[in-house]
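Single-structure report; data block below.
The values are calculated or read from the model by the stated rules, or taken from the named source; none is laboratory data. Computed from a predicted structure; not experimentally measured. All Cβ positions, glycine included, derive from the backbone under ideal geometry; neighbour counts span all protein chains shown.
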Amino acid sequence: MYINGVKRWELLILTLFSQRNKFKSVRDSIQIESMDIELRNRLWSLVLRYYLGSDVERTRSLLMLLWDEYYKLPLDTLSNYLQDNKQYIRGRFFNCPWFEVYDFIEFIVKIENNIYIRSTFIKECNLILEEEISGYRFIGEIISPITSEEEIKSIENAIEVAGAFDGVSTHLMASLRMFSDKEKPDYRNSIKESISAVESVCCHIVGEKSATLGSALKAIEKNKNIVLHKSLKGAFEQLYGYTSDAEGIRHKLLDEPTLKFEDAKFMLVACSAFINYLIVKSDKNT
């Protein structure tokens, strides 16, 4: 089969290659100021199940409030046929900007009087947002960013500037890829890759490829005359201890069975920021 002159299997190979190598920006990997069709589809299906399903009375109540308070439309434009109204809402939902989808979701939560339905809807919505790597979550009844612009820029900058250090960007991209994989996120190894990126940049700075993070940090202070804040240095030494098997000891962090998106994201952001910090410090002392 051909699609626009390209064999279907060739398109499949190209798609799989791009997915496999993750030729995506940080913002695309973590859905900030955007929403892909998979996330939009799943949120719409959730709305259908809770609000536009078989309960005609609930559906009509929602329609009245949507027309009057959300769309600001005259009530006499409501169709007598529920399916017509659903199609109108669907058209608006799938054609509006990404942020208006969140406005819509927030609105239906706001007008829900049943506490159980409201809390259950929010819980399921947050599960979808996590699974689809959205940068937003319900906090209370408000959809709020869990990833700031500064965090995104920190990761982007670390990947860019670390390009001059062999292997550092590779570790960071691997970390990003592992925790933003929608089908099979690997938070544990994402955390390992993040701290390995820090270890790698430290080894490059001191010129000792086989050094551990702890010894490299000490060498940076001693040989490069870079003064590191003791608390900051200590924090990363402890993080390294928790993510390694130093001296055969199993550490608690990576034994934790409930590592989540936020754990891997924190490590990626923190390690990216520290890499940026180390590179700037190193440049000033060369």
Checklist entry - Under the condition of being of a type in the set (D, E, K, R) and within 15 Å of K260 (Cα to Cα), which residue from the range 162-189 is farthest from the chain's Cα centre (by Cα)? => result R188
Checklist outcome for this item: The correct count of residues that are surrounded by fewer than 13 Cβ atoms within 10 Å (Cβ to Cβ), hydroxyl-bearing (S, T, Y) and not in a helix (DSSP H, G or I) in the range 182-237 is 1
Checklist entry - Residue check: is E156 within 14 Å of the chain's Cα centre (by Cα), over 20 Å from R49 (Cβ atoms) and either in a helix (DSSP H, G or I) or among the polar types (S, T, N, Q) (or both)? => result yes
Next on the checklist: Step by step: first the residues of the range 134-159, then only those that are in contact with a strand residue (DSSP E or B) (Cβ under 6 Å, 6 or more places away or on another chain) and closer than 18 Å to D263 by Cα, then the one that is surrounded by the fewest Cβ atoms within 10 Å (Cβ to Cβ). Which residue is that?
Outcome noted: P145
Checklist entry - Would the range 125-146 turn up any residue that is in a helix (DSSP H, G or I), outside the structural domain of A264 (by TED's automatic domain parsing) and among the β-branched types (V, I, T)? => result yes
